[in-house]
Structure formats: structure tokens, C-alpha cells
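The values are calculated or read from the model by the stated rules, or taken from the named source; none is laboratory data. Please read these numbers as outputs of a predicted model, since none were measured by experiment. FYI the Cβ positions are ideal-geometry reconstructions off the backbone, even for glycines, and counts take in every protein chain you see.
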Amino acid sequence: MNAKYIEREDARSRAFGSIWRNEIDDVFADVAPYYDRANVYATLGLLNTLRRSFISTIEIHPGDRVLDVCAGTNVIGIDLLKREPSLEVHAVDRSRAMQQVGGQAARHHGFAIKSCIGDVHRLPFPDNYFDVVTL
């Protein structure tokens with residue numbers, strides 16, 4: 001790996017590592033129930049159009065395995081499942097509260113998304129397990 005990249009990542013880890021390990025879940029626990037609505041307002045109503053445009057660029061096939069990194073409330077996974085219900089979607093996120101909201105939203109639409117709460121830098125999946133990865 002590039003020495004500058006390693007140096008930057010080490011600095012990032014020293015500066016923010018404690019926050020990511022110990023505090024991020026608390027931050028998102030407070031906003032999880034209204035996170036999606038707040039994002040629509042923050043983008044002046046453009047978020048859904050932007051997300052639809054993004055989703056349309058993703059090539060998926062029946063039965064593909066999808067990993068949504070930093071999945072939050074699973075809006076990407078849900079939109080992909082609307083396009084192709086046979087997908088196997090996994091969501092990884094630091095926030096348990098965000099994934100609880102996302103799990104409820106997926107179930108509301110009749111979908112199941114497998115949730116993993118943890119560090120996206122240490123994924124519990126083997127290499128080349130997924131056909132599609134979103135962030």
C-alpha cells in the first residue's frame with residue numbers, strides 16, 4: 001500500500017477511532033427514527049430523485065448477493081429489492097438503531113435484509129462473496 005495512504009489512515013484512526021468505536025451508535029440512536037425524512041429536507045426534496053438515478057446505474061441479476069456498506073436505514077437495499085426481489089441483501093452499519101429502523105422498513109415492504117452491526121473496515125465475509133457492493 002501507498003505510504004501516504006497508510007499514514008493518513010493511521011492519523012484518522014488516532015483522531016476518530018475512539019468516537020467510531022464508542023460514540024457513533026449513540027449519535028445515530030437519537031436521529032434514526034427521522035433520519036430519512038431529514039435527508040429529504042436537507043436536499044430540498046431531491047434525494048429520492050438522486051437515489052433513483054443512482055439505483056438505475058447498478059447492474060443486478062436475479063439471486064445476486066449485495067452488500068450495502070454504511071447502510072443506515074437500508075434505503076438502498078430496499079430500492080434494489082424493489083427492482084429484483086430475489087437478491088440476497090446484506091447491510092453493514094455501525095448503528096444498531098439505524099439498522100433497527102431499516103429492518104422495520106424492509107419488513108414493511110415484505111423484504112428481508114441481513115444486518116451486520118460492526119466496523120466496515122473489518123467485514124465478516126470472505127473475499128469475492130458479493131456480486132454488488134454499494135456505499
> Got a sec? Which helices (runs of 4 or more DSSP H) wholly within region 5-83 have at least 1 residues that are acidic (D, E) and on the phi < 0 side of the Ramachandran plot?
Replying inline: 24-31, 35-42, 75-83
> Restricting attention to region 40-52, which residues are surrounded by 10 or more Cβ atoms within 10 Å (Cβ to Cβ) and farther than 14 Å from K82 by Cβ?
Replying inline: V40, Y41, A42, T43, L46, L47, T49, L50
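Do you know which of the residues in region 7-37 that are hydrophobic (A, V, I, L, M, F, W, C) and either surrounded by 12 or more Cβ atoms within 10 Å (Cβ to Cβ) or under 16 Å from the mean Cα position of the chain (by Cα) (or both) is farthest from Q104 (Cα to Cα)?
F16
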> Name the residues in region 1-26 that are without any contact (Cβ under 8 Å) to a residue 12 or more places away in the chain, among the β-branched types (V, I, T) and within 22 Å of V92 (Cα to Cα), would you?
Replying inline: I19
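Check region 82-98 and report whether any residue there is within 25 Å of N22 (Cβ to Cβ), surrounded by fewer than 16 Cβ atoms within 10 Å (Cβ to Cβ) and in contact (Cβ under 8 Å) with a residue 40 or more places away in the chain. I'd like the intermediate steps shown before the answer.
Going residue by residue through region 82-98, those that are within 25 Å of N22 (Cβ to Cβ) are 90-98.
Among the residues that remain, those that are also surrounded by fewer than 16 Cβ atoms within 10 Å (Cβ to Cβ) are: 96.
Restricting the remaining residues to those that are in contact (Cβ under 8 Å) with a residue 40 or more places away in the chain gives 96.
Yes, region 82-98 has at least one match.
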> When residues of region 105-135 are filtered for being small (G, A, S) and not in a helix (DSSP H, G or I), how many remain?
Replying inline: 4
> Within region 109-135, which residues are of a type in the set (D, E, K, R) and either surrounded by 15 or more Cβ atoms within 10 Å (Cβ to Cβ) or in contact (Cβ under 8 Å) with a residue 24 or more places away in the chain (or both)?
Replying inline: K114, D119, D131
> Which one of these is within 19 Å of V27 (Cβ to Cβ), at pLDDT 95 or above and out of contact with any His (no Cβ under 6 Å at 6 or more places or on another chain): S56, S115, S95?
Replying inline: S115
